[in-house]
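Have a look at the structure below before the remarks.
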Amino acid sequence: MSTAIVTDSAADIPADLLKKNNITEVPVIVNFGDESFKENVDLSADDFYERLQNSKEFPTTSQPAVGDFIDVYTNLAKKHDSIISIHISSKLSGTFNAAEQAAKEVGNSKCNITVVDTLSVSMGTGLIALEVAKSVKSGMKSADAVNYANELSEKGKIFVAVSTLEYLKKGGRIKGAAALIGGFLNVKPILTNVDGLVENWAKPRTMLRALSQIRDAAEGYVNIQNMAVLHTTQGFDARALASSLADHKYDGEILRSQFGPALGAHLGPGAVGVMFIGDVPSDEEKDEEEEE
Amino acid sequence: MNPKIGLEPNELIDLIEVFCQTLEEHRESINSLNVFPVPDGDTGTNMFFTIKGIRDYISEDTKSLDLASMVKLLSKWALLSARGNSGLLIAQLFKGLAFALNDDDLLGPKQFVKALIKTTEFAYESMPNPQEGTILTVLKESANASDKSLSKNPDDLIYIWKIANDIAKKTVDDTPNQMELLKKAGVVDAGGYGLSLMLEASFNCLFRDQEGNIIFSIPSDKSLYIPEVIKHKPIEKEFLQSVEDESWGFCTSFVIQGSSINIDHVKDDLNKKGKSLVVTGDTELLKIHIHVENPDEIIKYSQKFGDISHEDIQNMNLQTSEFNHSQNEEIQVVEVALIVFAREPILRQRFREITPDHLEFIEVSEDSSPSVQDILDSIENSKGKNVILLPNHKDLIEICNQALLLTSKNSSQIPTKNFIEGISSVLAFTSGKSYDINIKSMNRAIEDIKTCSVKVAVKTLEYNGLNIEEGDYIGFIENNLIAKNSDKNEVLKKIISNIDIDQKLISIYAGNNIIMDDAFDLLNQLQLQFPKSEFDLIESGQYDSEYFIGIE
């Protein structure tokens, strides 16, 4: 009698943490032109960024096939009586839908499968999966864990600073950022998740200022449960951000990871971001959030 | 007793013509006073265009109105035509007149004095920080003096008007004693001088012939009072004169640089290509001003005389925003439009790079600022359901306020005093967010920006112990002149070493005369010297400074 946790590779959870928390990852498919790769299976993050910067083709990512989920669920259903499958925003990818279809196929009275839409991406999703996995491990019942996952999904926040505008433009998917030109002004847009989408949040000039703005944004939140700092290619900016966050307010462990292709293709080299689960503090900020 | 102890409505209209011609005649001399130590140089032009705007509204119908209705209309037109702060003060004059002539049918001594008193009140109220030693003081002193003389000669308009005029001139001469800045620059106040000219010129037109008709004499350039300081005029008079011409295609100006250019040949040649040609300069550097249908063609054509630079092309019809006349396509409505005041094409490009879909521009030209009507039209014609104005100049903030009062469209302004604040403010704009939230964050974005600049001195003067020669580079921290040198980069370094830039971002905006390669060398030097600060260099092409520096 136990609960299994499943996620997808776009949640960007490092391999050691997946293993430690018994989380099963379904790989996202990365396509460069005619070539397809399974993320983290036959394409590492470093290989991906190498190709991203040198390939003429702009990569696309596609959700795992329903069959991939069916395989994973079927295997897990042999040993577990419940599966919680925690995924990136249904507004950004078809992963959630693929998982739901598979859940209908595989789920039955012996194994209950629930698919959770985190309305986030990358470690914004990953942190939720990790938190739920830990709770299950320490004895939380499956139904409560599903509620918990949904509750956390409302509190997941990401802020990412982008170093070059080139990939946002090529990708063309990030609201409010695709039209930016800003080269001369050295604009480093900060993206955030709003209602399940990723959009432009601010347009600071220079990376240093972008990083301090991200730190200030994170510090604006209270009851932060979990935090992760990620980068695409340059780890030193991420280290600087992590240590500045630790110096200032957050005294929990800050996880470190790397953006995978799903978001990384749009961010391009040099991007750095923070993800956390936390509460919006003041009434004023809340008003702004609601008006958004 | 002479039944005509005041001016009749149609005579008031004639006075507006007198004002208009007087200001036209004297606009460069007024402009030339506006030179501390770098010329803003537009007071006379603004005053002239404001009065001309009123004059252009006047029709035969206006002349047949009763006095009270007429001055109400004049007051409205004055506001719509007002350009710059001095134009707004002229608008107060007509507002004061409208107030004083509530139900009188003549402009008599009593009404004249009342008008001056009300104008003074309105004028002081209209300025956020009333400063003595300006047109305000001139108004106040004239109003007080004529008020005192009214009890002695209650029926003598000519006498009262003369008192106002005499005191105005005296006060203008005294303005350097009231404002340190004027004294150091060796000038009197430009706006105050403009007002005294209006009073003097109109005073000369109060006399009547035997039939009781007013004898109009439009004073010539020389006949009116001219303060000592402007008898030798410093700037290109010929060039400034030409701009008031009626709109006709594009007002195009540019510089030709070459060697032994035949000026007469250029003149003859270009004269056939357009109207209002003005050519000033010498055989190596010529400034051309011409009105043509196709500006690109004339610029291309002129390349045969030398290298072309400093192109400035203004659509004479300022009401149409850049956006509107650039496309015939269906106008796409946006939730919030930003109307940005910017003169230089490169600078407009920098703004476009931040948020291309929401920008509209008001092109501020070299020698006249947009009128209330221009701004109002831009707001009304904007593709934005809501409109946010960014004046980018301290002198345009008040005029934007006036335009905002007149529009029914949901609109407001971020009071950006310069383009650096403008850029920061536009960077804080987020297209998906509401109008109110954007206004809040755009205002917040300009709270902590300090600006410095390196400019060219156009006047020789002594200031703060610095002996500044014309052509020197001078450095300002905010508005304080703190450095001068014959090398602009040295001035910039001096500025940087005089302010606390620790942990700050220093954005150096390179003006039109800067060679970018040199500027990048300078940037690298500064970055090495001040590793705790972050330096950035942006080509912005502004005409009025070499470097404009934002510290945030």
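Out of B:Ser540, B:Ser507, I need the residue that is surrounded by 18 or more Cβ atoms within 10 Å (Cβ to Cβ), in contact with an Asp or Glu (Cβ under 6 Å, 6 or more places away or on another chain), within 14 Å of chain A (Cβ to nearest Cβ) and in contact (Cβ under 8 Å) with a residue 12 or more places away in the chain. Which one?
Going through B:Ser540, B:Ser507 in turn, just one is surrounded by 18 or more Cβ atoms within 10 Å (Cβ to Cβ), in contact with an Asp or Glu (Cβ under 6 Å, 6 or more places away or on another chain), within 14 Å of chain A (Cβ to nearest Cβ) and in contact (Cβ under 8 Å) with a residue 12 or more places away in the chain: B:Ser507.
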**Item:** Residue list for the range A:24-42, filter: surrounded by fewer than 22 Cβ atoms within 10 Å (Cβ to Cβ), of a type outside the set (Asp, Glu) and part of a strand (DSSP E or B)
**Value:** A:Thr24, A:Ile29, A:Asn31, A:Phe32, A:Ser36, A:Phe37, A:Lys38
**Item:** Residues (within 14 Å of chain B (Cβ to nearest Cβ) and either without any contact (Cβ under 8 Å) to a residue 24 or more places away in the chain or in contact with a His (Cβ under 7 Å, 6 or more places away or on another chain) (or both)) located in the range A:216-236
**Value:** A:Asp216
**Answer residue from the range B:447-475, given it is assigned to a strand (DSSP E or B) and of a type in the set (D, E, K, R) and is nearest to the chain's Cα centre (by Cα) among those** = B:Lys455
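Have a look at A:Lys104, A:Lys56 and point out the one that is part of a helix (DSSP H, G or I) and out of contact with any Cys (no Cβ under 6 Å at 6 or more places or on another chain). Lay out the reasoning, then the answer.
Working: A:Lys56 fails: part of a helix (DSSP H, G or I).
From the options A:Lys104, A:Lys56, the qualifying one is A:Lys104.
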**Prompt:** Restricting the range B:393-432 to residues that are surrounded by fewer than 19 Cβ atoms within 10 Å (Cβ to Cβ) and within 14 Å of chain A (Cβ to nearest Cβ), which is nearest to B:Thr43 (Cα to Cα)?
**Reply:** B:Ser431
**Request:** Confirm whether B:Ile506 is assigned to a loop (DSSP other than H, G, I, E, B) and either in the same structural domain as B:Val364 (by TED's automatic domain parsing) or within 27 Å of B:Arg350 (Cα to Cα) (or both).
**Result:** no
**Prompt:** Which residues, taken from the range B:62-115, are of a type in the set (Lys, Arg), part of a helix (DSSP H, G or I) and within 27 Å of B:Ser369 (Cα to Cα)?
**Reply:** B:Lys72, B:Lys76, B:Lys95
**Asked** Which one is modelled with the lowest pLDDT among residues in the range B:433-461 that are in contact with a strand residue (DSSP E or B) (Cβ under 7 Å, 6 or more places away or on another chain), more than 14 Å from chain A (Cβ to nearest Cβ) and surrounded by 17 or more Cβ atoms within 10 Å (Cβ to Cβ)?
**Response** B:Leu461
**Message:** List the residue pairs whose Cβ atoms are under 8 Å apart, where the first residue sits in the range B:399-413 and is among the basic types (Lys, Arg), the second is buried (at least 16 other Cβ atoms within 10 Å of the Cβ) and assigned to a helix (DSSP H, G or I), and the two are 6 or more positions apart or on different chains.
**Reply:** B:Lys409/B:Ile379
**Item:** Every residue from the range A:214-224 that is surrounded by fewer than 18 Cβ atoms within 10 Å (Cβ to Cβ) and either assigned to a helix (DSSP H, G or I) or among the hydrophobic types (A, V, I, L, M, F, W, C) (or both)
**Value:** A:Asp216, A:Ala217, A:Glu219, A:Val222
**Request:** Confirm whether B:Leu481 is buried (at least 20 other Cβ atoms within 10 Å of the Cβ) and touching a Pro at 6+ places or on another chain (Cβ under 9 Å).
**Result:** yes
**Asked** For the range B:348-392, how many residues are without any contact (Cβ under 8 Å) to a residue 40 or more places away in the chain, charged (D, E, K, R) and more than 14 Å from chain A (Cβ to nearest Cβ)?
**Response** 2
**Message:** Being assigned to a helix (DSSP H, G or I), farther than 23 Å from B:Gly44 by Cα and either touching a residue at least 40 places away in the same chain (Cβ under 8 Å) or not assigned by TED's automatic domain parsing to the domain that holds B:Glu24 (or both) narrows it down to one residue among B:Ile158, B:Ile163; which is it?
**Reply:** B:Ile158
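The values are calculated or read from the model by the stated rules, or taken from the named source; none is laboratory data. Quick caveat: nothing in here was measured; it's all calculated off a predicted structure. Neighbour counts run over all protein chains shown; Cβ positions are idealised from the backbone, glycine included.
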